[in-house]
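Since the structure comes first, as structure tokens, the remarks are kept for the end.
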Amino acid sequence: STAMEVLLNLLMVFSALASLEKVASHGIQPLSKIAIDRTVIALDSTAYITATPSVLGVNGGNKDWITLAYSSPTPTVFDWIGVFSPANFSSTPCLPENPRVRPPYLCTAPIKYQFAIFGNPMYISTSQGSLKLQLINQRSDFSFALFSGGLSNPTLVAMSNTVAFVNPNAPLYPRLAQGQTWNEMTVTWTSGYSTNEAEPFVEWGRKGEEQQRSLAVTLTFDRSSMCGAPARTVGWRDPGFIHTGFLKELWPNSLYTYRLGHKLLNGTNVLSNIYQFKSSPSPGQNSVQRVIIFGDMGKDEVDGSNEYNNFQRGSLLTTKQLTNDLKNYDIVFHIGDICYANGYLSQWDQFTSQIEPIASRVPYMIASGNHERDWPNTGSFYGGMDSGGECGVLAETMFYVPAENRAKFWYSTDYGMFRFCVADTEHDWREGTEQYKFIEHCLASVDRQKQPWLIFLAHRVLGYSSIEYYANQGSFGEPMGKDDLQKLWQKYKVDIAFYGHAHSYERTCAAYQSSCTSNEKHYYKGSLNGTIHVVAGGGGASISFFSAIKPKWSIFRDPDFGFVKLTAFDHSNLLFEYKKSRDGKVYDSFRISRDYRDILACAVDSCPSMTLAS
């Protein structure tokens, strides 16, 4: 019967996916599972794949859905469809990384893929299938290829027609960030226009008032800026042009509108949609200020393509919660492991597209993590290969941060009553280093009467964590992490230190030297006498689980997707909330209530000298 046929086909699908899973280790970038360099081109005249519509974004959008219809004379559960951009992906062989490697037939990884049987349980018996995929505007045209042989031995059997967006070069995916001073906002975007073709600008002003134009600076890079494969090889894709405009001398806490533009050589302007943001409060300004903090979010595909290992499935949950709650927070900190492109550069566009509803409205401040920076022999503190050869270049170019040198990804930024000191765990932070001096200066230079809430942020857990990985090492945190920094946190009375890297949520007591300085858990009155350490790495990447050992300093642990919200009501009252990404509800919280004299008060290792001559 037909029902039995469908059931048998589904069982074949599940067993095929299970066998595919065996080769995919936890947390692998899904595109890296494709052995594109082994591709055999064997086009079959009886196979086909067609894509409709051929023109995308006719209503002005930068995302659109396409429908693929395809057929193979010898269908199997391992057949898959790759989305390629630019469309002529097979026109030239690529250069090998070294002379012993023969150039592969295909030198470009797809920007996404899906198995032909996905949503088509009758594909094996009918030889036909159809699939809906979402594309974003990525500065080039697209084509689709049908492969047999699975991901490990791809055989190209059919290629589709070409599809393209109305204007592939359009200015896209604005992301705001705080500038070098509190009253400067920066807006960064991506386009296909070089400065030889068009002048980039931002048109902006207070809402309802006259708008002005500010020129933008432009950056790009080529393959030679990548440090290794796959970023230099199959993962390489032209990043287009990244523009940043600087909006200066803003009135505090005011609503501004802006749009992105390019003035072409013939004098016409290409303009984006109009966006809006609220400027930062001045340092010390007494207003309600709300901050979102998380790490390790990554990206995911709404059409279900790319991966079966559930690596970043929480990413869309977090994005959705923050998009729906935009009116209830003011600034976002994404503290490392941004999109896990791992050398497949097309994924950065897809990430900036995913966060556009958030980053176009509030400052989106990032920190550097191992998946942005680490590569052997390139000066990263850790010698791993987690960046896939990007060695920091993508994060440092795609996003603006107010660092003196973006290759040294540490910076400070003020938001009203908050001072944020953002460290870079992929460079040495120990005493005597350039970064250590920066951290001490950032903590020491803030006037706590005006900015009482002092926050330290870093990617790897320089403080405390009881996930299995750290517990098994016996360090319960990054080895050497707090050895030198804890005396700075204590001396300068850091309120809360935040980390990512461990993909879960954990909160400690107010702690110093692995001991609690307060027995309080939910309502801190007066001096903390230590620093509360929070791991908020559950932004979306696969969950990290906790050790069976729960140290005394660990108050709350949750192996789930979520994020933190801080609300400063005034100079004396702060609310901390941990929310799950699945429902946006609060699952852990505490309050701090104190006066200025409580910050000044003497605590262990934070007592200023006194003279007896008083």
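The values are calculated or read from the model by the stated rules, or taken from the named source; none is laboratory data. Small disclaimer: the values here were computed from a predicted structure and weren't measured. Cβ: placed from backbone, ideal geometry, glycine included. Neighbour counts: every protein chain shown. Calculation scope for accessible area: heavy atoms of the full protein, side chains included, ligands and nucleic acids excluded. Shrake-Rupley method; radii C 1.70, N 1.55, O 1.52, S 1.80 Å.
Subtracting the Cα-Cα distance of L264 and N519 from their residue separation scaled by 0.36 nm leaves 85.4 nm. Straightening the chain between Q473 and M385 buys 29.6 nm, computed as 0.36 nm per residue apart minus the Cα-Cα spacing. Of all stretches in the chain that contain no trypsin sites (Lys or Arg not before Pro) in a DSSP loop with at most 14 other Cβ atoms within 10 Å, the longest one is 249-429.
Seen from L316, the other residues with C-beta closer than 12 Å to its C-beta sum to a net charge of +1, counting Lys and Arg as +1 and Asp and Glu as -1. Residues of the stretch 575-592 falling in the label zone of D325, defined by backbone nitrogen less than 14 Å from a point 7 Å along Cα to beta-carbon, are 575-590. Only Lys, Arg, Asp and Glu carry charge here, each on its Cβ (+1 for the first two, -1 for the last two); on that basis the chain has a dipole of about 880 debye about its Cα centre. Taking the C-alpha atoms only, the angle from helix 346-359 to the longest principal axis of the chain is near 50 degrees. Counting only DSSP beta bridges with both residues in the stretch 327-459, the antiparallel share comes to about 35 percent. The computed Rg and Dmax of the Cα atoms in Å for the structure shown corresponds, within (i) 25.6, 99; (ii) 31.1, 98; (iii) 26.0, 82, to (i). Computed about the Cα centre, the dipole magnitude for the stretch 204-259 is approximately 120 debye when only Lys and Arg (+1) and Asp and Glu (-1) carry charge, each at its Cβ. In terms of its C-alpha gyration tensor, the stretch 323-380 comes out oblate, because a/c is 1.5 or above while a/b does not outweigh b/c.
Backbone amide hydrogens, once placed in the peptide plane, bring G526 within less than 5 Å of S593, R594, D595, excluding anything fewer than 5 places away on its chain.
Exposure check, 1.4 Å probe, all protein chains in place: D583 carries approximately 50 Å² of accessible surface. Once R0 is set to 51 Å, what does the formula 1/(1 + (r/R0)^6) return for the Cβ-Cβ distance between T181 and S152, expressed as a FRET efficiency to the nearest 0.05? So, using R0 = 51 Å, E works out to roughly 0.45. Starting from the Cα of R582, step 7 Å along the direction of its Cβ; do the same at S224; then give the gap between the two resulting points in nm. The two pseudo-label positions are separated by 5.1 nm. Derived scalar couplings between HN and Hα for the stretch 605-610 equal 6, 9, 9, x, 5, 10 Hz in order, rounded to whole Hz, by the Karplus curve 6.51 cos²θ - 1.76 cosθ + 1.60 (θ = phi - 60°), x for Gly and Pro.
Between H441 and T126, the distance separating the two model label sites (each 7 Å from Cα on the Cα→Cβ line) works out to 6.6 nm. In the assembled protein chains, H441 presents an accessible area of approximately 120 Å² (probe radius 1.4 Å).
Of the heavy-atom accessible surface of the chain (probe 1.4 angstrom), what whole percent is carbon and sulfur? Whole-percent figure for carbon plus sulfur exposure: 53. What the stretch 173-303 shows is 41 Å² of accessible area per residue, with the surface traced by a 1.4 Å probe over protein heavy atoms. Here the spin labels are modelled as points 7 Å beyond Cα on the Cα-Cβ line, and at A407 and N253 they lie 4.2 nm apart.
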